[in-house]
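Notes follow once the structure below has been shown.
The values are calculated or read from the model by the stated rules, or taken from the named source; none is laboratory data. Given the structure is predicted, the values throughout are model-derived calculations rather than measurements. Reconstructed Cβ throughout: ideal geometry from the backbone, glycine too, with neighbour counts over all protein chains shown. In case anyone asks, the SASA skips ligands and DNA or RNA and just uses the protein heavy atoms, side chains included. Shrake-Rupley method; radii C 1.70, N 1.55, O 1.52, S 1.80 Å.
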Amino acid sequence: MIASSIFVLLLCTLLSMRLEKRRVTTTLFLLSLVAITALFAHHASDSLQIGL
Amino acid sequence: MIEHTLCHIWILGTCTILIGAFWFQFAENELPCPLCMLQRMCMVLAAIGPAFILTQGRSAHHYGLSVLGSGLGMAILAAVGGMSISARQVLLHIAPNDAGYGSPILGLHLYTWALIVFVGIIVVSAITMLLEPELRPSEPKKLPWYSKATLTLFGLVIAANAIAALAESGPHLFLPADPERYEGLELIDRD
C-alpha cells in the first residue's frame, strides 16, 4: 500500500504543475523523494533486522 | 528549443521503459520485487523534472531560480536515488553462479539496464545545463497539443503503476520481498 501511495503522490506532483504555484510542485517532489528514500531504507535494512 | 524536444523525448522514453516493464510483469508473469518498484518510482521522479520544464518553461525564472536548473536538478536528484537502488540490486546478484532476478534483455537484467539509464540521466542533465545557460520562454503561452498528449500519457502510466502496486501488495503495508502472486486480486476473488 505504501508503494501505491507513493505513485499517487507522484501523480499529484505531476497534476500540481497545472497550478501556477511552483513551490507546491517542488514541495511535492521533495516529499516523494523523501518517501522513496525511506522505503528504500526499510527494504535495504530488512535483512539486517534493524527495523528502519 | 532543444530543451523542449529533449523533454518530450525524455518523458516518452520513460513511458516506453515503464510500459516495457509492464510487458514483463503481465505477459511474462514476472512480478516486480520491492527494489524493482522503487526503481520505477525513481524513473517517474526523474521524468517529473522535464515535465516541470515543459509546463513552467513559459517563463525563464521562478522566485529567482532558473526553471531549467530546477527541472534538471530534480532529475539529477531522482537519478542519484535510482542509481543507488539499482546498484544495490546489481550487488545483491553479483556473486558467481547467481542467476539474477527476472529474465535478461540483451544479456543484462532490467536492474542493470536501469543503472545505465540513471547514469545516462545524470550525464544528459549535466550536458544540458552546460549547453543551455538560460531557458528561452516558449511561445505561444498555451501548451501545444503534443505536450498535453505526452503529459497525459505520463499521468496514465503513473496511475497504472499505482494500481499494479496495489494489486501486488493487497492489504499489506509493504510489498513482499519475493512476490509470487497478486494479493490484492486474490482478495477481490475471495469476496
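Which is part of a helix (DSSP H, G or I) and out of contact with any strand residue (DSSP E or B) (no Cβ under 7 Å at 6 or more places or on another chain), of B:A126, B:A95? None of the others qualify; the one that does is B:A126. Within the range B:96-120, restricting attention to residues that are open to solvent by less than 70 Å² (accessible area, probe 1.4 Å) and among the aromatic types (F, W, Y), the residue that is modelled with the highest pLDDT is B:F118.
Filtered by the rule that a residue be of a type in the set (S, T, N, Q) and either in contact with a His (Cβ under 6 Å, 6 or more places away or on another chain) or within 7 Å of chain B (Cβ to nearest Cβ) (or both), the range A:2-25 gives A:S4, A:T13, A:T25. Of all residues in the range B:41-55, those satisfying the criterion of being facing chain A (nearest Cβ under 7 Å) and either within 14 Å of B:S147 (Cα to Cα) or among the polar types (S, T, N, Q) (or both) are B:I48, B:A51, B:F52, B:T55. For B:P32, the conditions (1) surrounded by fewer than 24 Cβ atoms within 10 Å (Cβ to Cβ); (2) more than 9 Å from every other protein chain (Cβ to nearest Cβ) are fulfilled apart from (1).
Quick grid of which residues meet (1) crowded, with 23+ Cβ neighbours inside 10 Å; (2) under 26 Å from A:D46 (Cβ atoms); (3) out of contact with any His (no Cβ under 7 Å at 6 or more places or on another chain); (4) β-branched (V, I, T):
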{"residue": "B:G69", "(1), (2), (3), (4)": "no, no, yes, no"}
{"residue": "B:A75", "(1), (2), (3), (4)": "yes, no, yes, no"}
{"residue": "B:A87", "(1), (2), (3), (4)": "no, yes, yes, no"}
{"residue": "B:L91", "(1), (2), (3), (4)": "no, yes, yes, no"}
{"residue": "B:I94", "(1), (2), (3), (4)": "no, yes, yes, yes"}
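Of everything in the range B:155-175, what is hydrophobic (A, V, I, L, M, F, W, C), surrounded by 23 or more Cβ atoms within 10 Å (Cβ to Cβ), at the interface with chain A (Cβ under 7 Å from one of its Cβ atoms) and in a helix (DSSP H, G or I)? Give them in sequence order. Answer for the range B:155-175, where residues must be hydrophobic (A, V, I, L, M, F, W, C), surrounded by 23 or more Cβ atoms within 10 Å (Cβ to Cβ), at the interface with chain A (Cβ under 7 Å from one of its Cβ atoms) and in a helix (DSSP H, G or I): B:I158, B:A165. Per the listing A:L9, A:L14, the residue uniquely in contact (Cβ under 8 Å) with a residue 24 or more places away in the chain and within 19 Å of B:A160 (Cα to Cα) is A:L9.
Restricting attention to the range B:121-146, report how many residues are open to solvent by less than 70 Å² (accessible area, probe 1.4 Å), of a type outside the set (V, I, T) and at pLDDT below 90.
Residues of the range B:121-146 that are open to solvent by less than 70 Å² (accessible area, probe 1.4 Å), as a first pass: B:121-122, B:124-126, B:128, B:132, B:135, B:138, B:143-144.
Still in the running and of a type outside the set (V, I, T): B:125-126, B:132, B:135, B:138, B:143-144.
Narrowing the set further to residues that are at pLDDT below 90 leaves B:132, B:135, B:138, B:143-144.
Total meeting the criteria: 5.
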